[in-house]
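Trainee: My questions will all concern the structure given below.
The values are calculated or read from the model by the stated rules, or taken from the named source; none is laboratory data. Small disclaimer: the values here were computed from a predicted structure and weren't measured. Here the Cβ is made from the backbone with ideal geometry for all residues, glycine too, and neighbour counts use every protein chain on show.
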Amino acid sequence: MPINEVNVIRSCGVCGTEIETVTIKKDNMMLTTEELVWCPNCQADRPEVRDVAGRLDAIKQEQRSYPKAVAAKPFSDQPPGSSRG
Ligand SMILES: [Zn+2]
């Protein structure tokens, strides 16, 4: 079953305090917004920052599966062919 909804964390763009987590449809997902949100820590309206919840876990998993570095083998020298003429 495809996941159509994502959890988005709304946090204060100034102090980083998490304000709330909202579930929104992926289609409507906007991580950039100019809305202001009331920050209880700053006691002021602040520009909100949105981040997808769980994204850090995904990044961790990605890093775990980094491809191994493959050592390049030098080409073996072949003797040049001699031409008779
Ligand atoms: Zn704040």
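Trainee: May I ask you to list the residues in segment 9-31 that are part of a strand (DSSP E or B) and more than 22 Å from CYS42 (Cα to Cα)? Please lay out each step first, then the result.
Mentor: Keep residues of segment 9-31 that are part of a strand (DSSP E or B), which gives 9-12, 18-25.
Of everything in segment 9-31, those that are part of a strand (DSSP E or B) and more than 22 Å from CYS42 (Cα to Cα) turn out to be THR23, ILE24, LYS25.
Trainee: Moving on. For segment 9-59, give me the residue count where each residue is in contact (Cβ under 8 Å) with a residue 40 or more places away in the chain, within 11 Å of the ligand (Cβ to nearest atom) and hydrophobic (A, V, I, L, M, F, W, C).
Mentor: Here is the first cut: in segment 9-59, the ones in contact (Cβ under 8 Å) with a residue 40 or more places away in the chain are 9-11, 50-54.
Pick out the ones that are also within 11 Å of the ligand (Cβ to nearest atom) and you get 11.
This time we only want the ones that are hydrophobic (A, V, I, L, M, F, W, C), so: none.
Of the residues in segment 9-59, 0 are in contact (Cβ under 8 Å) with a residue 40 or more places away in the chain, within 11 Å of the ligand (Cβ to nearest atom) and hydrophobic (A, V, I, L, M, F, W, C).
Trainee: Look through segment 32-85, keep the residues that are among the basic types (Lys, Arg) and not in a loop (DSSP other than H, G, I, E, B), and return whichever of them is modelled with the lowest pLDDT.
Mentor: Restricting attention to segment 32-85, the residues satisfying the condition of being among the basic types (Lys, Arg) are 46, 50, 55, 60, 64, 68, 73, 84.
Okay, now just the ones that are also not in a loop (DSSP other than H, G, I, E, B), so 46, 50, 55, 60, 64.
Working: ARG46: 94, ARG50: 89, ARG55: 62, LYS60: 72, ARG64: 76.
Per the stated criteria, the residue is ARG55.
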